[in-house]
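The values are calculated or read from the model by the stated rules, or taken from the named source; none is laboratory data. Computed from a predicted model, the values in this text were never measured in an experiment. FYI the Cβ positions are ideal-geometry reconstructions off the backbone, even for glycines, and counts take in every protein chain you see.
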Amino acid sequence: MAYDRLYQKLETKECEKEVFKMTRARERRIRDLDDRRCTKDENAKVLAKEVEIKERWQRCFSKVLNGEVLEDFRSRE
């Protein structure tokens, strides 16, 4: 009985639009995971190895969490 109600609801134009909307959103989320841009180190060298990229992000987040980024911006002013 629950499936019958679901199928009847899916046959409406409004529900059909909602299903397509959810499908497009899901597709965009999946595509974003595969779409990589390059990651560079502090010297603007492009990093290719997964280990190097992870280490770069670890250093970056460490600076942010320890407040070092704010100090860098203040020193530039």
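The set of residues in the stretch 25-44 being surrounded by fewer than 10 Cβ atoms within 10 Å (Cβ to Cβ), modelled with pLDDT of 80 or more and of a type in the set (D, E, K, R) consists of 42 alone.
Would you be able to tell me the number of residues in the stretch 1-44 that are in contact with a helix residue (DSSP H, G or I) (Cβ under 9 Å, 6 or more places away or on another chain) and either touching a residue at least 24 places away in the same chain (Cβ under 8 Å) or in a helix (DSSP H, G or I) (or both)? The total comes to 5.
Taking the conditions (1) modelled with pLDDT of 75 or more; (2) in contact with a helix residue (DSSP H, G or I) (Cβ under 7 Å, 6 or more places away or on another chain) in turn, residue 69 satisfies each one other than (1). Among the residues making up the stretch 45-66, those that are assigned to a loop (DSSP other than H, G, I, E, B) and modelled with pLDDT under 85 are 48, 66.
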